[in-house]
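Down below is the structure, laid out as structure tokens.
Read-outs throughout are calculated quantities, based only on the coordinates presented, and are distinct from any laboratory measurement. Just so it is clear, the structure is predicted and the values come from calculations on it, not from any experiment. Reconstructed Cβ throughout: ideal geometry from the backbone, glycine too, with neighbour counts over all protein chains shown.
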Amino acid sequence: MDHIEEKIIEIIDANRETIIAAGRDIWYHAELGYKEFRTSELFAKAMAGNAETKTGLAITGVKSYLKPKQDGEVRVALMGELDALPISNHKDTNPETGASHCCGHNSQIAGVIGAAIALQDEEVKNALDGNIVFFAVPAEEYVDVEYRRGLMKEGKISYGGGKCELIKCGDLDDIDITVGHHTMPGTDAAVANGTSNGFVNKLVTFRGKASHAAGAPDKGVDALAAASVAMHAIDVQRESFRDSDCVRVHGFISNGGVAMNVIADTATMEYSVRANNIPAYQNASQKFDRAIRAGAVATGAGAEIVTLAGYLPTVPLKDTSVMAEAISDVMQAYNYRNISLDNDCPASTGSTDYGDVSSLMPVYQFNTGGYAGVLHDISAQPVDEELAYVVTAKIFALMGYKLLKNGAENARKTLADYTPKITKEAYVALMDSLTTEETVAMNPIAPLE
Ligand SMILES: [Zn+2]
Ligand SMILES: [Zn+2]
């Protein structure tokens with residue numbers, strides 16, 4: 001490590017309690033996507049020492065420039081996700097929101113706050129040949145879908161994912177490279193450079209006709225029966241999916257009726273349709289819609305199929321040696337041993353809106369541990385705050401510095417090695433084309449007199 005790198009580590013060690021307090025505070029005050037007002041305010045306050053801070057981006061996003069912006073400079077975003085999950089039975093659930101941080105995003109925000117403390121040091125700041133943008137982004141978890149659909153109808157957002165929305169709004173236009181983090185129970189630290197699935201989401205409503213389920217079933221049209229046929233029809237599509245596309249189709253009945261003795265006049269379903277490439281999930285999405293129509297046709301119920309653009313597959317980097325160096329520098333001082341610095345990482349069949357960012361610019365990602373249990377489950381729990389928050393802050397800060405030191409040599413190499421998958425204009429056009437609505441009219445057969 002050079003003198004500046006040593007100084008970055010020293011500053012973060014000296015501010016250990018502040019960083020842990022931030023991670024802990026956010027852990028206990030989880031908020032759902034596009035509603036992270038408290039967390040957003042906490043982050044903005046922590047950015048007070050920077051040159052310029054913008055708030056309210058894609059509703060709750062915060063973007064803070066370390067130094068005054070200059071034309072032609074390289075800008076690296078250190079990014080953290082503000083949102084949590086609608087898991088209300090975790091012992092640390094925020095009672096006001098019913099949300100809990102079972103995906104560990106609190107460690108991301110704590111890490112970015114800690115990195116800001118170190119990079120704001122005058123000597124460190126002056127050693128950066130470019131600018132750092134500390135970015136807190138909303139709504140990574142694609143949940144609370146009806147609420148987001150409402151925001152879309154009100155014209156407040158276009159997409160369910162926070163980074164997707166920030167791209168559309170132009171808030172990532174002046175960023176060259178992004179650095180992101182995710183917690184990973186069972187790991188101490190790792191380079192995260194695997195691809196992931198992309199997806200679209202489906203909101204389906206079947207409309208039937210209520211009737212007494214025992215006294216007059218012949219007078220009703222059963223919306224739940226339509227959903228039941230549709231679910232079977234979805235399942236029979238599965239044999240047509242290619243293994244190489246890693247297609248995942250999964251969901252649930254969000255409303256299946258009101259009572260056992262009432263024929264359901266409404267049934268609703270929420271599904272995700274995922275694959276590791278865009279044509280494959282577009283193809284599976286068409287088969288999904290066909291299965292919904294089958295339910296409607298077989299029962300005479302009407303159907304509305306709303307398709308919402310989700311996230312794109314992640315584009316891995318060719319070379320992550322800068323990230324590997326940052327992780328090994330930080331880990332020298334610790335006894336953690338479960339460290340992976342491999343550039344080639346396994347693909348995830350889950351999804352992230354870092355996929356969308358990585359289609360437009362280079363994205364470095366890393367993992368740290370410090371949590372017990374399983375993500376997206378009530379067993380998720382921070383157990384090692386040094387690893388979860390402080391180590392994360394150190395890696396974030398070192399990445400910012402390592403990319404921008406020596407005339408931003410590493411950042412320039414990263415940019416030279418990278419080819420965007422899509423332009424911003426084509427991205428917005430693709431996302432808009434993936435957002436559709438279809439209506440199947442009710443077609444009941446008249447009941448006998
Ligand atoms: Zn998650
Ligand atoms: Zn997550």
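Under 19 Å from a label point 7 Å along Cα→Cβ of ILE253: give me every residue in the range 276-298 with its amide N that close.
Of the residues in the range 276-298, 289, 291-298 have backbone N under 19 Å from the label point off ILE253.
For the range 42-111 and the range 346-372, what is the separation of their C-alpha centers, rounded to whole Å?
With the range 42-111 and the range 346-372 each reduced to a Cα centre, they are spaced 16 Å.
Can you tell me, using C-alpha contacts under 8 Å and at least 6 residues apart, the relative contact order of the range 255-393 as a whole percent?
18 percent
How far, in nm, would the chain grow between ASP2 and ASP432 when pulled straight, counting 0.36 nm per residue and subtracting the alpha carbon separation?
Using 0.36 nm per residue and subtracting the Cα-Cα distance, I get 150.1 nm.
Can you tell me, using C-alpha contacts under 8 Å and at least 6 residues apart, the relative contact order of the range 80-231 as a whole percent?
Relative CO of the range 80-231 lands at 19 percent.
Which value, in debye to the nearest 20, gives the size of the charge dipole of the range 1-81 about its Cα centre, when Lys and Arg are +1 and Asp and Glu are -1 at the Cβ?
380 debye
Which residue, ILE278, ALA333, ALA225, has the largest displacement toward the positive end of the dipole of the chain when charges sit on each Cβ (Lys, Arg +1; Asp, Glu -1)?
So the residue we want is ALA225.
For GLU425 and HIS376, what does the FRET efficiency come to when R0 = 51 Å and r is the distance between their Cβ atoms, rounded to the nearest 0.05?
0.90
State, to one decimal in nm, how far the label point of GLU386 lies from the label point of ASP235, with both points 7 Å from Cα in the Cβ direction.
It works out to 5.1 nm between the two label points.
If Rh is defined by the Kirkwood formula over all Cα pairs and Rg also comes from Cα, what ratio Rg/Rh do you get for the chain?
Taking Rh as the inverse mean 1/r over Cα pairs, Rg/Rh reads 1.03.
Provide THR178, THR93, THR368 in ascending order of the number of other Cβ atoms located within 10 Å of each residue's Cβ, fewest first.
THR93, THR178, THR368
What are the membrane-span-like helices in the chain by this rule: whole DSSP H runs, Cα extent along the axis at least 20 Å, mean Kyte-Doolittle hydropathy at least -0.5?
Correct list, ordered by number: 105-119, 223-237, 278-299, 392-416.
Output the relative contact order of the range 191-249, whole-number percent, from Cα pairs under 8 angstrom with separation of 6+ residues.
Relative CO of the range 191-249 lands at 23 percent.
Would you mind pulling out the separation of the Cα centroids of the range 187-244 and the range 405-428, in Å?
Cα centroid to Cα centroid, the span is 39 Å.
Toward the positive end of the charge dipole of the range 131-178, about the Cα centre and with charges on Cβ (Lys, Arg +1; Asp, Glu -1), which of CYS164, VAL143, ASN131 goes farthest?
Result: VAL143, furthest along the dipole toward the positive end.
Could you give the dipole magnitude of the range 194-283 about its Cα centre, charging the beta-carbon of Lys and Arg +1 and that of Asp and Glu -1, in debye to the nearest 20?
Once rounded to the nearest 20, the dipole reads 160 debye.
Filter the cross-link list LYS67/LYS405; LYS394/LYS421; LYS318/LYS405; LYS318/LYS413 down to pairs whose alpha-carbon distance in this structure exceeds 23 Å.
LYS394/LYS421
Suppose every K and R has +1 on its Cβ and every D and E has -1 on its Cβ; what is the size of the dipole of the chain about the Cα centre, in Debye to the nearest 20?
Here the size comes out at about 960 debye.
Average projected area of the Cα convex hull of the range 1-81, in nm²?
If I average the Cα hull's projected area over directions, I get 6.8 nm².
Round to the nearest 0.05 the FRET efficiency obtained for ASP344 and ASN261 when R0 = 60 Å and r is the Cβ-Cβ distance.
With R0 = 60 Å, the Cβ-Cβ based efficiency is 0.55.
Taking the alpha carbon gyration tensor of the range 390-446, what are the square roots of 5 times its eigenvalues, largest first, to the nearest whole Å?
In descending order, the three semi-axes are 49, 18, 7 Å.
Within the chain, what percent of beta bridges assigned by DSSP are antiparallel, to the nearest 5?
70 percent
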